[in-house]
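Enquirer: The following block contains the structure, expressed as structure tokens.
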Amino acid sequence: MKAFIINKYNKKGSLQYADMPIPKLKDNDILVEVHAAGINLLDSKIKSGEFKLILPYKLPLILGHDAAGVVVQAGKNVKKFKIGDQVYARPADHRIGTFAEFIAIDEKDAALKPKNISMEEAASIPLAALTAWQVLIERAQIKAGQKVFIQAGSGGVGTLAIQLAKHLGAVAASTTSAKNFDLLKDLGTDIVIDYQNSDFENILSDYDVVLNSQDQKTLEKSLKILKPGGKLISISGPPTPDFAKEIGTPWFIKIILSLVSSGIRKKARNKNVEYSFLFMKADGQQLSKITALIEADIIKPVIDKIFPFDKTNEALSYVESGRAKGKVVVKIK
Ligand SMILES: NC(=O)c1ccc[n+]([C@@H]2O[C@H](COP(=O)([O-])OP(=O)(O)OC[C@H]3O[C@@H](n4cnc5c(N)ncnc54)[C@H](OP(=O)(O)O)[C@@H]3O)[C@@H](O)[C@H]2O)c1
């Protein structure tokens, strides 16, 4: 089958278009013929080697973390799906590889694709929507009336997190540049701040939760807007020793993460704010709940561009530019 792979960690280089074997099925796996794959910055971070300490991969590696497609084969223990089902998934770490014609996915990581959206729209959902779900519902346990600040509301995670926060009854504030104001208003954002011309830390106060997806400076400024007891949840780092424990890293990585996060952990403690790092996980059950929200028109995909499969490198470069408005997808079939 055709696939886009990396042979070595490389910041600047392109993915290679290669012939790879169709993945072998384990007993709990479904083989999915991939119709569309979503692009994520995580693909770029894995390609550059930035993640190799906490997520070491054997190379060559087929990249890609989001897929929508059709089940064409099922392992002998598979119960949830049958051949011909339309599904979507964020396959688990160490089982990625959606930039390919086929992928084997553990059935527990997949869900039926929402019936009311296209394959390309479905491929834009899993990683970003699961991230929003795991931050806002699992970790923050947002309740109606709480105030949540979602940075970069026009991004892949932001567009979905705003819709989920509004569904949960929260007050949602977000940042973007002026050209994306209408999009954020359409998504239901209560307060939209132009990050290029204003400082959110001088506008927002007494927030319950911040979803941080930007740099260290933004992370530190976010502390100022939280009320005592508030939660600062970062998806862009720095990772903490608790995270090292959660994923079972060797002791020396725990020490490294303890050092890189000590500053923000201390500042958060001094403000009586809870700082944590979250790295999203594959979860087919949560994805089924997201399917229901999409089918009820509560959450809508936001797609910026769809590229043909042979332009996967261009799609990745576009996402790396940091200007994507919603998600970027490659159409494979
Ligand atoms: N830990 C996890 O599990 C996890 C999961 C998903 C994503 N992430 C990370 O979260 C970050 C965001 O991911 P993403 O996929 O949502 O990104 P993305 O889609 O590439 O974000 C692009 C958007 O960000 C906006 N933006 C850029 N700089 C901004 C700033 N300083 N303030 C406000 N908005 C800004 C841009 O708007 P303008 O064009 O108007 O600037 C653009 O619409 C990445 O670092 C990614 O790796 C982590």
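Enquirer: Mind pulling the angle between the C-alpha long axis of helix 284-295 and the longest principal axis of the chain? Nearest 10 degrees, somewhere in 0 to 90.
Expert: The helix 284-295 is inclined about 80 degrees to the chain.
Enquirer: Compute, for the stretch 56-163, the length of the dipole vector about the Cα centre, with Cβ point charges of +1 (Lys, Arg) and -1 (Asp, Glu) only. Units Debye, rounded to 20. Walk me through the numbers on the way to the answer.
Expert: Details: 13 positive and 10 negative charges, 78 e Å.
So the dipole magnitude of the stretch 56-163 works out to roughly 380 debye.
Enquirer: Let me ask something else. Quick one: putting +1 on the C-beta of Lys and Arg, -1 on the C-beta of Asp and Glu, what dipole do you get for the chain around its Cα centre, in Debye to the nearest 20?
Expert: Here the chain has a charge dipole of around 700 debye.
Enquirer: May I pose another question? Over every pair of different alpha-carbon atoms in the stretch 1-144, take the mean of 1/r and invert it; report that Kirkwood radius in Å.
Expert: 15.7 Å
Enquirer: How large is ³J(HN,Hα), in whole Hz, for each residue of the stretch 210-219 in order, when computed from phi with the Karplus curve 6.51 cos²θ - 1.76 cosθ + 1.60 and θ = phi - 60°, using x for Gly and Pro?
Expert: These are the phi-based 3J(HN,Hα) values: 10, 9, 8, 10, 10, 7, 4, 4, 5, 4 Hz.
Enquirer: Set Lys and Arg Cβ to +1 and Asp and Glu Cβ to -1, take the dipole of the stretch 128-277 about its Cα centre, and tell me which of 180, 160, 140 lies farthest positive.
Expert: Result: 140, furthest along the dipole toward the positive end.
Enquirer: For residue 221, give me every one of the lysines with a C-alpha distance below 18 angstrom, ignoring sequence neighbours fewer than eight places off in its own chain.
Expert: The qualifying lysines are 147, 231, 266, 267, 271.
Enquirer: Hey, another quick one. Which of the lysines could a cross-linker span from residue 76 if the Cα-Cα distance has to be under 24 Å and same-chain partners fewer than 8 positions apart are dropped?
Expert: 24, 26, 108, 113
Enquirer: Also, quick follow-up: Between residue 102 and residues 5 or more places away or on another chain, which pairs have amide H atoms under 5 Å apart, with H built 1.01 Å from N, and which residues are they?
Expert: 34
Enquirer: Here's a follow-up. In Å, what Kirkwood hydrodynamic radius results for the chain from the alpha-carbon pair distances?
Expert: By the Kirkwood definition, the hydrodynamic radius is 20.2 Å.
Enquirer: Right, here's the next one. For the chain, what does the helix formula give at 222 nm: sum of -39500 (n - 2.57) over DSSP H segments with n ≥ 4, over the residue count, nearest 500 deg cm²/dmol?
Expert: It lands at -8500 deg cm²/dmol.
Enquirer: Relative to the first principal axis of the alpha-carbon coordinates of the chain, what is the inclination of helix 156-167, with its axis defined by its Cα atoms, in degrees from 0 to 90 and to the nearest 10?
Expert: Taking the Cα atoms of the chain, the angle to 156-167 is about 70 degrees.
Enquirer: Calculate, in whole percent, how much of the Cα-Cα pair population of the stretch 128-277 lies beyond 27 Å.
Expert: Working: 2098 of 11175 pairs.
The calculated P(r) of the stretch 128-277 puts 19 percent of pairs beyond 27 Å.
Enquirer: Dipole magnitude of the stretch 146-211 about its Cα centre, charges +1 at Lys/Arg Cβ and -1 at Asp/Glu Cβ only, in debye to the nearest 20?
Expert: Dipole about the Cα centre, nearest 20: 200 debye.
Enquirer: May I pose another question? Under 5 Å between amide H atoms, partner at least 5 residues away or on a different chain: which partners does residue 240 have, H built in plane at 1.01 Å?
Expert: 277
Enquirer: Give me 252, 181 ranked fewest to most by other Cβ atoms within 10 Å of their Cβ, as a rough exposure proxy. Walk me through the numbers on the way to the answer.
Expert: On the way: 252 10, 181 16.
With the sparsest Cβ surroundings first, the list reads 252, 181.
A short reminder: the numbers here are calculations on the coordinates, not readings from a lab. Since this is a predicted model, take the numbers as computed values, not measurements. Neighbour counts run over all protein chains shown; Cβ positions are idealised from the backbone, glycine included.
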